[in-house]
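*Asks:* Have a look at this one before I ask anything.
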Amino acid sequence: MPLTIHVCLILAEERGAFPLFPFLIKKTNLNLLMKKYLPLFATLIVALSPSLKAGVSSVVCSDCKKADCTCVDDCGCDAGGHDYSTHAPIGVMGDHIHRKGGLMASYRYMFMNMESNYEGSSKISDTAARNGYMMNATDMQMEMHMLGVMYAPTDKLTLMLMSNYIDTSMGMINGMGVKATMRSLGWGDTTLAAYYGLYKNSGSSAHLGLGVSAPTGSIDEKMPNGRHMGYPMQLGSGTWDLKPSFTWLRESNDWSYGSQLSAVIHLDENDNGYTLGDSAALTGWVSRRLNAWSAVSLRLTGSTWENVDGHVNQMPVIPMGPLAGQPAAAVADPDARGGSRLDLSLGLNLWSTENGTRFAIEGGAPIYQDLDGPQLGTAWFVTAGIQIAW
Ligand SMILES: [Cu+2]
């Protein structure tokens, strides 16, 4: 039902009725919504999109409405026609396409802090998180450096190549209070994506995306004792992955809105005998332009992801007793990886009116999380980035 409302809102919005957002999603409905209605929603929205606005008009700048936008003073777009005032918060990937010949380089830095173990939507103690295991994770910090290049061979098609460098550390504690820290760092998986514009006019646009992620990240990160680190410490999925997305953007005067539905589908099984859980996310944001070069945003994101399928023999197991052979910690347990989350984020976009440079930052925290536990919950996250377009 909430997704039907979402689709209706988009339709109503397309007809200029009122600006609204998928904020109606109730947190209690999240699981059901994400798992049951996502495929339906995706199909519906893809089927409906082309009929919303027939034909692709040429790229126009937000306020001046000129096809070859050269006004830089008021309208928030740079001389290259790159309109930053309509950009999504920096945490949204593949939020825009470029006009023919457009080239963009970007660097994003992401930090995520995880702490406290969850069982379902409740926080549990370290002792409870060790129930059935020998040790438990206490906290985890992940840093990611993302480098991306975008190029548009045509007005409708934009290609993107993205790679990332990951630095992750995790604190562990065992039943005797002995603490240890694990760390893994290196290049993650590499994504090549294509974004196809369904329509674009002065007030709204939509595009479809399909990314293919190559398994360039390591899945053999080990502890000093030679055993594999837990699933969240591995740098890549080890599989070829598909990343479909649908993005819808709308703006009027100083406001812009957007929503994006995206998924990660892991194909096959990796060399270590497992497949990471598939995931899906629905995000919606509203952004208010403050002046010719800045905007603030508020975003709500619902995401869900499945457990690991299969398992790694090389991860630490309980050596003896009735649980012998079972994972020694929940981070090595394929059945304690899935979950759902609802995040709220605040963002700031700053862009140059002289050239195609944008700086943006966005930070947020979950307002609800429901995890197949014991599993570390997310405490907060921040993404900052710079984009240079030519
Ligand atoms: Cu771009």
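Every number here is computed from the coordinates shown, using simple stated rules; none is lab data. If you're wondering where the values come from, they're calculated on a predicted model, not measured in any experiment. Ideal geometry is used to build each Cβ from the backbone, glycine not excepted, and the neighbour counts take in all protein chains shown.
*Asks:* What number comes out for the charge environment of Ser213, summing +1 per Lys or Arg and -1 per Asp or Glu over other residues with Cβ under 15 Å away? If you can, show how the numbers build up before the last one.
*Replies:* On the way: positive: Lys243; negative: Asp189, Asp241, Asp268, Asp278.
So the surrounding residues net to -3.
*Asks:* By the scheme Lys and Arg +1, Asp and Glu -1, what is the net charge of all other residues having a beta-carbon under 14 Å from that of Asn164? Provide the component values of the computation, followed by the final result.
*Replies:* Working: positive: Arg108, Lys243; negative: Glu143, Asp167, Asp189, Asp241.
Net local charge, Asn164 excluded: -2.
*Asks:* Note down the nm distance, to one decimal, between modelled labels 7 Å out along Cα→Cβ at Asn355 and at Leu210.
*Replies:* According to this spin-label approximation, the distance is 3.6 nm.
*Asks:* Give me the Kirkwood hydrodynamic radius of the range 263-350, using the inverse of the mean 1/r over all pairs of distinct Cα atoms, in Å to one decimal.
*Replies:* Numbers: mean 1/r = 0.0620 Å⁻¹.
For the range 263-350, inverting the mean 1/r across all distinct Cα pairs yields 16.1 Å.
*Asks:* Moving to a separate point now. For the range 154-275, just the Cα atoms, rotate onto the principal axes and tell me the three extents in Å, largest first.
*Replies:* Answer, in whole Å and largest first: 63, 33, 19 Å.
*Asks:* Summing Lys, Arg as +1 and Asp, Glu as -1, what charge do residues with Cβ under 9 Å from the Cβ of Lys100 carry, Lys100 excluded? Let's see the in-between values first.
*Replies:* Numbers: positive: Arg99, Lys156; negative: Asp155.
Combined, the nearby Lys, Arg, Asp and Glu give +1.
*Asks:* What residues have an amide H closer than 5 Å to that of Thr138, excluding those fewer than 5 places away on the same chain, when H is modeled at 1.01 Å from N in the peptide plane?
*Replies:* Sorted by chain and number, the residues that satisfy this are Gly171, Met172, Ile173.
*Asks:* Determine the gain in length on full extension of the stretch Ala324-His145; use 0.36 nm per residue of separation and subtract their C-alpha separation, reporting nm with one decimal.
*Replies:* Details: separation 179, 0.36 × 179 = 64.44 nm, distance 3.91 nm.
Here the answer is 60.5 nm.
*Asks:* Using a Förster distance of 25 angstrom, determine the FRET efficiency expected from the C-beta separation of Lys222 and Lys123, and round it to 0.05.
*Replies:* Values: r = 30 Å, r/R0 = 1.21.
The calculated FRET efficiency here is 0.25.
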